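For reference, the structure discussed in these notes is given below.
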Amino acid sequence: MTTLLGHDLDHLRRRGALDTSREIAQQPAVWRQIGRTAAESDAATAAFLKPLLERPDLRIVLTGAGTSAYVGEVLAPSLRRRLGRRVDAVATTDIVADPLACFAEDVPTLLVSFARSGDSPESVTATELASQVLTECWHLVVTCNEHGRLAARHGDRSTGHVLLLPEAANDRGFAMTSSFTGMVLAGWLALGGPDEDLVERLAAAAEQVLATRPAAAADLAARGYSRIVYLGSGTLHGLARESALKVLELTAGRVVALAESALAFRHGPKSVLNDRTLVVSYESNDPYTSRYDRDMVAELLRVVPERNLVTVGGEAGQPARDNAWTLPGVEDVDDIALVLPAVICAQLIGLHFSLALGLTPDNPFPGGEVNRVVQGAIMHPLSTRQQVHIRAIPARTGDRTDVNSGATRR
């Protein structure tokens with residue numbers, strides 16, 4: 001009998017969970033494919049980025065919506081460290097709602113857009129607004145869909161480049177799994193530098209998680225928790241936010257999920273704790289940051305049942321307890337790399353909570369209340385008055401304002 005994540009394939013098919021399960025399980029293979037591409041054949045991406053990264057005044061903005069926004073959130077702290085420059089994570093939903101605030105400084109900007117489909121209305125509009133508001137703006141599009149509007153818009157422009165992920169990363173299921181980790185990895189390898197050995201280590205760690213943790217995730221789901229709290233500090237805060245979104249999506253909102261950093265959790269959000277709250281704490285590999293994570297774990301063990309607390313991290317420093325989910329062989333990697341095998345734990349939890357509630361993980365909203373690609377958002381253009389106001393702010397020497405278009409031309 002063929003099984004996947006501990007379930008018979010026919011069972012997963014009947015339960016509407018086959019696509020999501022396959023897309024969780026395939027991630028090590030997808031990462032290896034992305035790693036080979038980055039190391040061997042993506043010279044065009046390197047040629048596009050090299051002259052931009054040589055500019056000391058370049059601002060890098062990582063953008064996306066929902067899970068794609070969290071790709072930027074997990075990448076930004078580690079890229080700031082690696083590149084020694086300003087790297088900001090700004091959601092497309094924030095850019096579209098208030099572009100003048102998001103791009104208040106008219107500095108040379110590389111907008112890195114992460115998008116599974118590239119067809120959500122905010123994705124294209126955010127890039128258009130950036131080009132409209134900024135004097136110098138380049139676009140790196142990291143997407144799973146070569147036929148999406150975002151790829152079509154920027155694939156043939158001198159100011160744009162499209163980094164296309166393998167077809168398998170274009171998830172068919174409702175919740176983004178392979179696409180999330182694929183875009184995180186592709187973004188890190190493109191901007192931080194290729195590292196084929198690291199990719200293999202992460203894939204091997206993920207395979208261990210996939211082999212050993214589905215039963216533990218199913219056990220957690222059987223306990224009837226109504227709330228889940230994900231805790232992560234620094235880079236792992238973005239991971240916590242993505243993890244919370246996964247369980248919220250896959251359970252159609254029937255399990256309430258919250259994400260916080262270890263330090264911030266004490267400041268009010270700790271009120272969410274009760275006997276039906278599961279807490280999952282991601283343990284940083286950074287020796288300094290991890291002190292705060294461990295302090296919070298020690299505090300939680302004094303106020304919640306031990307069975308209600310799961311810790312996820314590298315083997316070194318993990319306590320010897322049943323709910324310590326270790327990630328083998330990655331205890332010395334940067335936290336951005338730790339994100340990849342760690343998020344699989346959250347994906348397994350979301351999948352099994354969905355199944356335990358009798359839902360269909362591949363489409364938790366069969367009535368269409370929430371859609372795989374966002375629908376219904378109307379994109380409003382900046383008015384002429386608003387556009388002129390952009391350049392009412394003193395421009396750099398040598399720039400002039402085009403009153404008709406509202407954009408500053410060189």
Selected residue (criterion: surrounded by the most Cβ atoms within 10 Å (Cβ to Cβ)) from residues of segment 16-58 that are among the acidic types (Asp, Glu) and touching a residue at least 12 places away in the same chain (Cβ under 8 Å): Glu23
Segment 265-280, residues that are exposed (fewer than 15 other Cβ atoms within 10 Å of the Cβ) and not acidic (Asp, Glu): Arg266, His267, Gly268, Ser271, Asn274, Arg276
Enumeration of residues in segment 211-226 that are out of contact with any strand residue (DSSP E or B) (no Cβ under 8 Å at 6 or more places or on another chain), within 27 Å of Asp334 (Cβ to Cβ) and surrounded by fewer than 21 Cβ atoms within 10 Å (Cβ to Cβ): Ala211, Thr212
Residues of segment 265-299 classified as in a helix (DSSP H, G or I) and either in contact (Cβ under 8 Å) with a residue 24 or more places away in the chain or acidic (Asp, Glu) (or both), total: 10
Unmet requirement for Ala240, which otherwise passes all of (1) touching a Phe, Trp or Tyr at 6+ places or on another chain (Cβ under 6 Å); (2) over 23 Å from Asp322 (Cβ atoms); (3) not polar (S, T, N, Q): (2)
Residue satisfying all of: in segment 227-264; among the charged types (D, E, K, R) and not in a helix (DSSP H, G or I); surrounded by the most Cβ atoms within 10 Å (Cβ to Cβ) among these: Glu260
Top-ranked residue in segment 183-210 [being surrounded by 15 or more Cβ atoms within 10 Å (Cβ to Cβ) and not in a helix (DSSP H, G or I); ranked as modelled with the lowest pLDDT]: Pro194
Conditions (1) crowded, with 21+ Cβ neighbours inside 10 Å; (2) more than 28 Å from Asp197 (Cβ to Cβ); (3) touching a helix residue (DSSP H, G or I) at 6+ places or on another chain (Cβ under 6 Å): number failed by Gly6: (1)
Residue count for segment 103-143, restricted to those that are under 20 Å from the mean Cα position of the chain (by Cα), of a type in the set (A, V, I, L, M, F, W, C) and assigned to a helix (DSSP H, G or I): 2
Which listed residue, of Thr109, Thr135, is over 21 Å from Ser179 (Cβ atoms), in contact with a Pro (Cβ under 9 Å, 6 or more places away or on another chain) and touching a residue at least 24 places away in the same chain (Cβ under 8 Å): Thr135
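The values are calculated or read from the model by the stated rules, or taken from the named source; none is laboratory data. As the structure is a computational prediction, the values presented were derived from the model and not from experiment. Cβ atoms come from the backbone with ideal geometry, glycine included; neighbour counts cover every protein chain shown.
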